[in-house]
Amino acid sequence: MFINRTCVALIGFVAACGSAVAGSPAATSDSALRARVERVLARTPLIDGHNDLPWEIRSRVEGVDLAIDHTNQPRPADAPKDWIGLMTDIPRLRAGRVGAQFWSVWIPSTTTGAEAIKTTIEQIDIVHTMVARYPQAFEMAYAADDIVRIHKAGKVASLIGIEGGHQIGNSMAALRQMYRLGTRYMTLTHTINNDWADSATADPQHDGLTGFGRAVVGEMNRLGMIVDLSHVSTKTMKDAIAASRSPVMFSHSGARGLIDHPRDVPDDVLLLVAKNHGIVMVNFFPPYLSAERARWNADRAAEATRYNAPPYDGLYIGQPERAAAAMAEWDRLHPSPLVPLSIVADHLDHIRKIAGNESVGLGSDFDGISSTPEGLDGVDKYPALLVELARRGWTDAELAAVAGGNMLRVMRANEAVARNLQASEAPSMAKIEDDKISPTR
């Protein structure tokens with residue numbers, strides 16, 4: 001999840017997109033590819049591994065009033081600078097043929113302890129409330145078979161993923177209760193280290209997983225909660241895969257072999273994912289996909305710091321109007337590089353090449369990112385991505401696998417391991433205080 005926030009709604013209108021000229025070879029070809037994709041998605045639920053709508057609801061709506069159409073509303077007068085329209089609503093979910101969605105119950109990484117547990121439960125409650133409010137569109141799912149059944153009923157199977165190990169407050173009991181409330185995966189870290197695992201975007205502190213961290217992985221296996229390795233350091237990835245008795249997932253990450261970004265998965269880890277029979281669900285955030293876009297983002301951040309970085313630095317320190325004007329001129333002279341939908345397909349191709357077809361999936365990060373690839377700006381656009389894969393030669397079976405078949409397999413494997421472990425192991429009583437490495441408070 002990228003922390004920039006957007007406005008919230010769940011019901012909106014989507015204008016039809018243009019198409020190639022009827023009768024042209026391109027139109028005939030695209031039409032045939034779209035028909036193939038439609039047939040695949042009629043049989044196989046399209047499963048997205050990560051969508052941050054619940055925090056958007058929390059931050060922009062009093063209660064959970066999702067019937068307001070905000071999708072095409074003008075920019076609110078009090079909107080933050082990074083305001084963009086919502087990427088998710090019911091009509092677009094249907095247009096995108098979404099069969100199942102893991103809703104992220106993200107909370108800030110700086111919220112810890114008892115407050116983290118409380119806030120996470122509130123986020124879980126938002127998901128349940130949303131599903132109850134719109135029963136014609138959603139139904140809660142807790143297992144792979146639920147997804148298949150709900151998809152056949154024409155609804156979006158709704159699952160819950162925790163986006164950061166800090167959210168359990170270092171409590172195995174809290175982890176278990178969150179599973180009982182519907183959580184089916186947990187990302188081990190978010191953007192900073194927690195008390196038992198290193199993040200991809202923080203200086204190493206624990207050299208991967210601590211002893212308590214490995215115990216958390218073991219208890220997740222026993223529960224049937226999938227271990228999610230997006231956001232974690234490379235060492236944490238390797239430690240967790242070594243510790244896990246179930247297939248792991250990356251709910252929203254790309255291929256580091258294409259762009260050297262720490263949020264993506266290195267090739268040597270992709271080989272481990274293949275051996276583990278796990279899955280990497282590709283993120284749609286442009287700086288994690290395109291090296292050119294990542295450099296532009298870094299240059300822009302450096303420029304903003306150069307103009308105004310209180311309390312000591314910046315050419316226009318303490319003069320926000322002058323800094324804003326200078327930044328606007330920089331933006332005019334340095335437009336953001338466009339990132340096409342095809343780059344997402346490149347990442348899927350690379351992961352399939354290294355880890356195999358059974359290890360690819362889709363994890364958009366919609367409504368948790370501040371920009372998207374061209375042509376992939378909302379939940380209605382998944383078929384366009386699958387058409388691009390079909391154009392590259394992916395078979396119907398391969399399209400079904402990346403759309404949702406691989407995620408169903410990972411879920412079923414975790415469910416089977418959990419049944420066996422629950423028959424032979426008691427719940428973990430491990431405590432953070434047992435770690436040889438002192439936790440950082």
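The values are calculated or read from the model by the stated rules, or taken from the named source; none is laboratory data. Because the structure is a prediction, the values reported are computed rather than measured. Virtual Cβ from ideal backbone geometry, glycine too; neighbours counted across all protein chains shown. Please note that ligands, DNA and RNA were not included when accessible areas were found on the heavy atoms of the full protein model with its side chains. Shrake-Rupley method; radii C 1.70, N 1.55, O 1.52, S 1.80 Å.
Distances between placed amide hydrogens fall under 5 Å for residue 364 paired with 49, 50, all partners being 5 or more residues away or on another chain. Between the listed residues 254, 420, 178, the Cα displaced farthest toward the positive end of the dipole of the chain, a dipole computed from Cβ unit charges relative to the Cα centre, is found at 420.
Per residue, the accessible area of the chain comes to 40 Å² when a 1.4 Å probe rolls over the protein heavy atoms.
Residue 36 sits with roughly 50 Å² accessible to a 1.4 Å probe, with DNA, RNA and ligands left out of the calculation.
About the Cα centre of segment 210-369, how large is the charge dipole given +1 on each Lys and Arg Cβ and -1 on each Asp and Glu Cβ? Please answer in debye to the nearest 20. Roughly 440 debye, rounded to the nearest 20. Checking [x] 21.4, 73; [y] 21.5, 69; [z] 32.1, 132 against Rg and Dmax of the Cα atoms in Å calculated from these atoms, the matching label is [y]. Accessible area per residue was computed with a 1.4 Å probe on protein heavy atoms; residue 322 scores about 130 Å².
Counting Lys and Arg as +1 and Asp and Glu as -1, what is the net charge of the other residues whose Cβ lies under 10 Å from the Cβ of residue 221? Taking every Cβ under 10 Å from that of residue 221, the sum is 0. Highest mobility in the GNM of the chain, judged by mean-square fluctuation with C-alpha springs under 10 Å and restricted to 352, 43, 92, is found for 43.
Computed from phi, the 3J(HN,Hα) profile of segment 356-366 under the Karplus parametrisation 6.51, -1.76, 1.60 (θ = phi - 60°) reads x, 5, 6, 10, 10, x, 10, x, 4, 6, 4 Hz, with x in place of Gly and Pro. Separation of the alpha carbons by more than 28 angstrom is noted, of 155/381; 275/431; 152/353; 235/431; 238/431; 235/353, for 275/431; 152/353.
Taking Cβ atoms as reference points and 15 Å as the exclusive limit, the residues near residue 48 contribute a net charge of -2, counting Lys and Arg as +1 and Asp and Glu as -1. Sequentially through segment 103-113, phi angles give Karplus couplings (6.51, -1.76, 1.60; θ = phi - 60°) of 7, 6, 9, 4, 9, x, 5, 7, 8, 10, x Hz, Gly and Pro residues having no value and appearing as x. Each residue, residue 242 and residue 330, gets one label point 7 Å from its Cα in the Cβ direction; the gap between the two is 4.2 nm. A P(r) calculated from all alpha carbon pairs of segment 346-425, with 10 Å bins opening at zero, reads 16, 40, 28, 12, 4, 0 percent.
Here the Karplus relation 6.51 cos²θ - 1.76 cosθ + 1.60, evaluated at θ = phi - 60°, turns the backbone of segment 388-393 into coupling constants of 4, 5, 4, 4, 7, x Hz, with x for every Gly and Pro.
If one computes the Cα centroid of segment 96-112 and of segment 326-351, what distance in Å separates the two points? For segment 96-112 versus segment 326-351, the Cα centre distance is 24 Å. For segment 104-203, with all protein chains in place and a probe radius of 1.4 Å, 55% of the accessible heavy-atom surface sits on carbon or sulfur. Dipole magnitude for segment 345-441: about 320 debye, using +1 per Lys or Arg Cβ and -1 per Asp or Glu Cβ, origin at the Cα centre.
Amide hydrogen proximity for residue 163: with H placed 1.01 Å from N in the peptide plane, the residues at 5 or more positions away or on another chain lying under 5 Å are 105, 106, 107, 187. With contacts taken as Cα pairs under 8 Å and at least 6 residues apart, segment 325-417 reaches a relative contact order of 32 percent.
Around the amide H of residue 46, modelled in the peptide plane, lie the amide H atoms of 99, 100, all under 5 Å away and 5 or more residues distant in sequence or on another chain.
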